[in-house]
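Before any comments, here is the structure.
The values are calculated or read from the model by the stated rules, or taken from the named source; none is laboratory data. Being a predicted model, the structure only gives us computed values, none of them experimental. All Cβ positions, even for glycine, are placed from backbone atoms using ideal geometry, and neighbour counts span all protein chains on display. Just the protein is used for accessible areas: all its heavy atoms, side chains included, with ligands, DNA and RNA removed. Shrake-Rupley method; radii C 1.70, N 1.55, O 1.52, S 1.80 Å.
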Amino acid sequence: RSTGATNCNERSSRSHLLFRLDLVGINQLTGETTEGAVSLVDLAGSERLKDSKAEGGRREETKHINRSLSSLKSVIGALSRKEKHVPYRNSKLTHLLQDHLCGDSKTLVLVTLSPEHVSESLNSLRFATQVNGCQIQVRK
């Protein structure tokens, strides 16, 4: 997990983290198996470039983080509107999360808020509200 300092945050996450645990359950009596997966995703926070005053490599990191979060927002929006085409391939993040955002998956979003960064906290709450309003459809 990569972290670094910006004007917005002393210890800012500079990367997304995706942890997936595949599970297989076997009924000892019948031999029936059930498979599932639990994934934990920690998204790097978005930061406005003008606020973070990031330069050089840190600036490029911020652009990539914001671009991937914007792609995730587009995917959530397309799912919410029940569009035929969902742009999962617009970023590596959304491509990796495709199986978690469709089918019979369940998604829980936890949002970290900061009274020191009200504007960013409001953006996070808006995103969480959009995710909360999204109904995931089972693939056909």
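A few remarks follow.
- Shown are Asp22, Asp42, Asp104, whose ranking by accessible area with a 1.4 Å probe and every protein chain present, most to least, is Asp104, Asp22, Asp42.
- Karplus-derived 3J(HN,Hα) values for the range 82-91, using 6.51 cos²θ - 1.76 cosθ + 1.60 with θ = phi - 60°, are 6, 6, 5, 9, 10, x, 4, 8, 6, 8 Hz; glycine and proline are entered as x.
- A simple charge model with +1 on the Cβ of Lys and Arg, -1 on the Cβ of Asp and Glu and nothing else charged puts the dipole of the range 65-140 at about 420 debye relative to its Cα centre.
- The range 57-72 - phi-based ³J(HN,Hα) in whole Hz, Karplus 6.51/-1.76/1.60, Gly and Pro as x: x, 5, 5, 5, 4, 4, 4, 5, 4, 5, 5, 5, 5, 5, 5, 5
- Stretching Gln135 away from Leu21 to a fully extended chain increases their span by 38.7 nm, per 0.36 nm per residue minus the current alpha-carbon distance.
- Karplus (6.51, -1.76, 1.60) ³J(HN,Hα), θ = phi - 60°, over the range 93-102, in Hz, Gly and Pro reported as x: 4, 5, 5, 5, 8, 3, 5, 8, 10, 9
- Rounded to 0.05, the FRET efficiency of the Leu108 and Arg59 pair, given R0 = 30 Å and the Cβ-Cβ distance, is 0.40.
- The calculated FRET efficiency for Asn123 paired with Thr33, based on their beta-carbon distance and R0 = 35 Å, is about 0.25.
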